[in-house]
Amino acid sequence: MSGSEGPSISKPVSKSYWKGKGRAIANDFDDLSPIITYRHLLSSNLGVRDPLRVIALCDSDAFYAACEQIRLGIDPALPLVVLQWDSLIAVNYPARKFGISRMDKVRDAKKRCPNLVVVHVATYREGEAEPGYWENPDTRTHKVSLDHYRRESMKIIQLFKEGLPTGEVEKASIDEAFIDFTRPVREEILKRYPYLATVPPDAPNGLDSPLPPPPPISWEGRGTIVPVHPVKGTDNEGGAHPPAQHEGESSMSDHEGDEDDHAVEEDDEQTTWHDVALSIAAELMMKIREDIRAKLGYTTSAGLARNKFLAKLTASYKKPMNQTILRNAAIPNYLRPMAFQKIRFLGGKLGKALAEEYDVSTVGDLLTISLEEMQRKFGEESIWVYEILRGIDRTEVKEKSAVNKSMLASKNLPQPITKATEGYHWIRVLAAELALRLNEARDNNPALWPKTIVLHIRQGYDAFRSKQTPFPFTKNITVDVIASFGDKLWKELVGTGDSVPFKITNVQLSFSGIGVMEVGQRTIEGFLTTRSASDDQQPSVLASSHTVKPPVKRSRSSSPSNARPSNGAKARKRSDEDRPAGNATAAERDHTPSNSSKPSTRDQRYSFICDKCHKRIWLENAPLAALSGSDAAGDAGAGSDGDDAIRDDALAALRLEHADFHFAQELAAAGDDDAPKRIIRPADKPSSATSKKRKKKPADEGIAKFFQKR
């Protein structure tokens with residue numbers, strides 16, 4: 001199955017990628033049987049041109065359905081479908097045997113299989129902090145939740161990483177991942193064949209000498225092998241399988257096909273070192289897949305080949321619970337009969353244009369078109385098409401950042417919003433999803449925080465309109481907190497009255513600029529901005545010392561660094577002299593009569609006296625000093641070594657911050673007219689003179705014009 005997200009493989013790259021590359025020639029792509037040398041084996045950074053490169057695409061079988069089957073503890077042999085409103089979004093393999101697909105309505109599916117188990121996806125509803133499996137969910141009031149599937153997907157990705165510490169894992173979609181086996185396979189080759197680690201003294205070309213012939217390979221237990229010479233008229237003939245197997249679609253390769261396991265016997269004399277690499281990667285892939293099945297209960301299918309494009313094609317060769325290996329020697333006959341418009345990015349306008357221009361339908365038909373002819377008609381970038389047709393893909397496997405820069409909750413409204421008051425329901429529903437996702441992300445990384453919260457709305461097919469506002473730090477993320485910001489943005493974007501008619505068909509609430517808050521970090525803007533109300537939400541250094549590692553982030557209210565220079569002159573300083581009466585300094589409190597009923601002197605260990613301004617500077621929320629006669633004096637006066645260390649680190653950071661404040665004051669007071677002015681921050685909007693000079697973006701040329709911009 002495949003989720004709604006498609007893996008990003010073999011996408012046509014920008015024109016700048018090919019700049020300077022020139023016109024390629026046919027010989028550049030004749031690399032199915034490269035001579036592998038000691039240099040290739042012993043080098044550690046050959047990248048996508050490594051002749052021993054092995055890439056796998058592992059795909060969870062009927063993932064959404066499997067998630068629900070495991071959650072409910074249902075026998076995997078029972079037919080099960082996952083429902084979203086009126087549509088099927090997942091069909092497990094037992095249900096597919098009844099001819100059920102994602103194109104069916106649930107009532108038709110039940111007619112074909114009376115014992116069919118139907119599970120509706122979890123949904124959010126107003127007033128609930130978490131999604132649930134409610135009875136009779138309504139698209140007019142509920143919103144679909146895929147959070148359970150995301151969590152299960154992350155568990156599988158984690159097992160990939162644990163099973164292959166030196167490999168590279170790239171999440172391609174919610175149920176797919178690319179795995180680069182090149183490095184662990186090279187390590188295993190050198191372990192199994194240690195004689196390859198040293199170049200023989202009599203090697204004619206030293207490191208550039210070819211490796212000795214590879215040993216015989218046993219493919220037993222490795223999976224299904226794509227035959228080099230498929231028998232015509234059978235499913236094993238190349239191109240018989242689609243390039244992608246989507247969730248709920250009937251599998252074209254559910255047959256057992258044990259004969260494929262021995263399809264390479266006739267070609268044993270053609271065994272290469274890349275075949276050895278493929279066989280080792282197949283062993284490792286088999287172990288990881290079995291680990292996932294044993295620990296999580298999910299079955300998977302995989303494809304192994306020399307690049308991402310071919311691995312993706314091969315993964316759907318035989319499903320479910322199988323893995324397929326595509327040797328270099330089998331690539332030509334596997335690709336030639338394939339309908340080229342089934343290849344990703346060749347099925348839309350570009351594929352139609354190629355088919356009409358050259359009157360072709362298969363990959364083999366297009367192989368007759370020279371690169372010069374293709375580039376003449378479709379531009380220089382069409383070299384990408386030329387290479388893909390020959391099974392060449394130089395896309396890297398790159399692990400994606402664990403920190404998503406944004407989070408989006410969206411709802412397509414079956415009934416448009418026509419009154420401003422109707423929007424607040426959906427704001428709360430979307431806020432519930434964002435609250436859950438942000439809290440889950442912060443469970444793994446407490447330092448994560450978004451910079452802004454954004455509200456998007458759309459009417460019909462018009463462009464989105466949006467409003468955003470900073471999202472200040474708060475200790476507890478709740479639906480109410482997020483909804484309060486969403487309500488404010490809604491009022492700014494839509495208004496409160498109904499004087500202007502509108503029909504809003506889509507509402508989105510999102511976090512943007514999500515990043516890791518670096519403890520103790522502060523930019524110069526922090527010294528030149530006034531204290532805002534959001535600062536009150538910052539947890540104090542001491543109150544949160546049990547959860548925040550030193551050095552802790554200082555609160556802006558605890559230092560005079562929150563002053564802003566006035567007209568380039570002196571900065572206003574918040575210190576002891578301008579504290580509210582209720583926050584008297586320690587020196588003032590020392591004059592308090594000794595018979596006062598309550599102690600009011602703060603513990604001076606949480607402060608220091610500045611050498612320049614001679615003011616006592618306090619950490620925020622410094623504790624009160626205990627009375628000498630108090631029973632708790634010993635406990636209050638003594639602290640653990642950890643508390644002392646935290647306090648010392650916080651004071652050191654506060655001293656540095658205070659010194660920076662004085663330095664900023666001195667710079668502001670200097671007022672040297674001859675010195676060049678420093679621009680602290682750029683203007684909010686570019687000047688009109690600058691904007692007029694911007695060049696108009698040129699229209700897309702070549703194959704770029706066949707791809708829609710989103």
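Scanning region 62-92 for residues that are aromatic (F, W, Y) and at pLDDT below 95 yields a single hit, W85.
Of the helices (runs of 4 or more DSSP H) that lie entirely inside region 298-378, those containing 2 or more residues that are closer than 25 Å to E168 by Cα and in contact (Cβ under 8 Å) with a residue 60 or more places away in the chain span 308-315. Can you confirm whether L57 is in contact with a helix residue (DSSP H, G or I) (Cβ under 7 Å, 6 or more places away or on another chain), in the same structural domain as L284 (by TED's automatic domain parsing) and in contact (Cβ under 8 Å) with a residue 40 or more places away in the chain? Yes: the conditions hold for L57. Looking across region 88-112 at every residue that is surrounded by fewer than 20 Cβ atoms within 10 Å (Cβ to Cβ) and of a type in the set (A, V, I, L, M, F, W, C), the one that is farthest from I74 (Cα to Cα) is identified as M103. Does T139 fit the bill of being part of a loop (DSSP other than H, G, I, E, B), more than 16 Å from the chain's Cα centre (by Cα), under 18 Å from A282 (Cβ atoms) and modelled with pLDDT under 95? No, not satisfied. Does D75 satisfy the criteria of being in a loop (DSSP other than H, G, I, E, B), out of contact with any Pro (no Cβ under 7 Å at 6 or more places or on another chain) and under 21 Å from H148 (Cα atoms)? Here the answer is yes, as D75 does meet what is asked. Within the set D365, D359, the sole residue that is buried (at least 17 other Cβ atoms within 10 Å of the Cβ), touching a helix residue (DSSP H, G or I) at 6+ places or on another chain (Cβ under 9 Å) and not aliphatic (A, V, I, L, M) turns out to be D365. Scanning region 393-411 for residues that are touching a helix residue (DSSP H, G or I) at 6+ places or on another chain (Cβ under 7 Å), of a type outside the set (K, R) and surrounded by fewer than 20 Cβ atoms within 10 Å (Cβ to Cβ) yields a count of 3. May I ask you to verify whether F98 is touching a Gly at 6+ places or on another chain (Cβ under 8 Å) and among the aromatic types (F, W, Y)? Here the answer is no, as F98 does not meet what is asked. Can you find even one residue in region 372-391 that is of a type in the set (K, R) and either buried (at least 16 other Cβ atoms within 10 Å of the Cβ) or assigned by TED's automatic domain parsing to the domain that holds T166 (or both)? For region 372-391, residues of a type in the set (K, R) and either buried (at least 16 other Cβ atoms within 10 Å of the Cβ) or assigned by TED's automatic domain parsing to the domain that holds T166 (or both): present. Can you confirm whether E126 is touching a helix residue (DSSP H, G or I) at 6+ places or on another chain (Cβ under 6 Å), in a loop (DSSP other than H, G, I, E, B) and surrounded by 15 or more Cβ atoms within 10 Å (Cβ to Cβ)? Yes: the conditions hold for E126.
Looking only at residues of region 650-668 that are of a type in the set (D, E) and surrounded by fewer than 17 Cβ atoms within 10 Å (Cβ to Cβ), we find that the one that is modelled with the highest pLDDT is D660.
Criterion applied to K411, K400 was being closer than 22 Å to D147 by Cβ and in a strand (DSSP E or B), and the one residue passing it is K411.
Mind listing just one residue for me: the one in region 89-106 that is part of a helix (DSSP H, G or I) and not basic (K, R) and, of those, nearest to the chain's Cα centre (by Cα)?
Y93
Residue count for region 158-179, restricted to those that are touching a strand residue (DSSP E or B) at 6+ places or on another chain (Cβ under 8 Å), crowded, with 18+ Cβ neighbours inside 10 Å and not in a loop (DSSP other than H, G, I, E, B): 10.
From the list A294, A281, A339, A302, exactly one residue is under 24 Å from L211 (Cβ atoms) and out of contact with any Asp or Glu (no Cβ under 6 Å at 6 or more places or on another chain). Which is it? The conditions single out A281. For G223, the conditions (1) surrounded by fewer than 17 Cβ atoms within 10 Å (Cβ to Cβ); (2) at pLDDT 90 or above; (3) of a type in the set (G, A, S) are fulfilled apart from (1).
Here M321 fulfils each of the conditions (1) within 14 Å of S60 (Cα to Cα); (2) surrounded by 21 or more Cβ atoms within 10 Å (Cβ to Cβ); (3) at pLDDT 90 or above apart from (2).
The values are calculated or read from the model by the stated rules, or taken from the named source; none is laboratory data. Since the structure is predicted, the reported quantities are computational estimates derived from the model, not experimental observations. No Cβ is skipped: glycine too gets one built from the backbone with ideal geometry, and neighbour counts run over all protein chains shown.
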